[in-house]
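Some notes on the structure that comes next.
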Amino acid sequence: MRSVCVYCASSSPENSAVVDAACELGGLLAERGLELVYGGGSVGLMGMVADTVLAGGGRATGVIPTALFPVEVAHDGLTELVEVGSMHERKAEMIRRSDAFIALPGGFGTLEEIAEVLTWAQIGLHAKPAGFLNVDGFYDSLLAFFDRCVSDKVLKYRNRRLVLEAPTPAGLLAALTAYEPAYEPKWFDLDQV
């Protein structure tokens with residue numbers, strides 16, 4: 001594992017445990033020599049993670065559509081800032097550049113991005129680990145929903161096992177490192193899906 005994609009809010013949460021976990025994660029990425037790949041913003045949790053990685057001497061690569069430059073306030077101090085034309089290009093480029101994926105607390109965008117990563121793993125487009133940093137029980141309800149999906153037989157148990165989770169950054173990084181893929185990837189060209 002050389003790079004980790006982090007999905008998270010472009011706003012700043014009031015929960016100090018979430019802020020602390022975001023900064024702790026950034027510090028651990030830098031300390032372990034893991035490149036951060038993220039949405040390229042300088043605000044909210046996105047900015048906090050990137051700033052902490054950079055402050056620790058790590059690499060931070062942002063991928064951002066041109067249209068979001070003013071909204072997410074593109075970070076001008078990154079190791080690399082990749083400008084793309086659309087959200088679809090952004091997501092594919094982030095997946096292509098990353099060896100693992102973490103969802104910090106976030107809203108619709110965070111959920112949509114990590115769900116796509118899990119869906120692509122489920123159908124064999126990649127075999128990279130993905131997990132939720134479940135700080136202060138933030139994702140408890142979502143994880144319970146996944147369990148309900150299994151019990152209602154709309155999600156296979158083997159696919160539920162694609163979802164890793166831990167309450168701490170160190171715990172989640174350990175789970176990502178120990179991950180054994182459930183499927184052999186088909187290695188489609190991501191531009192074709």
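Semi-axis lengths, largest first, of the ellipsoid equivalent to the range 47-107 are 18, 15, 12 Å, with √(5λ) applied to each eigenvalue of the Cα gyration tensor. I want to check the label-to-label distance for Asn15 and Val82. Put each point 7 Å from Cα in the C-beta direction and report it in nm to one decimal. Between Asn15 and Val82, the simple spin-label model gives 3.0 nm.
The angle between the Cα long axis of helix 169-178 and the main principal axis of the chain comes to about 50°, on a 0 to 90 degree scale.
Taking the alpha carbon gyration tensor of the range 19-160, multiplying each eigenvalue by 5 and rooting it gives semi-axes of 27, 17, 14 Å, largest first.
What would the Debye equation give as log₁₀ I(q)/I(0) for the range 12-71 at q = 0.12, 0.13 Å⁻¹, counting only Cα atoms as equal point scatterers? Scattering profile of the range 12-71, log10 relative to I(0): -0.27, -0.32. The charge dipole of the chain, taken about its Cα centre with unit charges on the Cβ of Lys, Arg, Asp and Glu (plus for the first two, minus for the last two), comes to roughly 680 debye. Amide H contacts of Phe132: Ala103, Leu164, Glu165, Ala166, each under 5 Å away and 5 or more positions distant or on a separate chain (H built 1.01 Å from N in the peptide plane; Pro and chain starts excluded).
Counting only Cα atoms, the range 77-169 measures 44, 31, 21 Å along its principal axes, largest extent leading.
Once backbone amide H atoms are built at 1.01 Å from N, Thr79 has Ala60 as its partners under 5 Å, excluding neighbours fewer than 5 places away on the same chain. Helix 16-31 and the long axis of the chain differ in direction by around 80°, with both axes built from C-alpha atoms. Taking amide H as placed 1.01 Å from N in the peptide plane, the amide H of Cys5 sits under 5 Å from that of Val37, Asp99, Ala100, Phe101, Ile102, each at least 5 places away or on another chain. Computed from phi, the 3J(HN,Hα) profile of the range 7-12 under the Karplus parametrisation 6.51, -1.76, 1.60 (θ = phi - 60°) reads 9, 6, 5, 8, 10, 9 Hz, with x in place of Gly and Pro.
Where a number appears in this text, it was derived from the coordinates with a stated rule and is not lab data. All figures in this text were calculated on a predicted structure; none of them were measured in a lab. Positions of Cβ are generated from backbone atoms using ideal geometry, with glycine treated the same way; all protein chains shown enter the neighbour counts.
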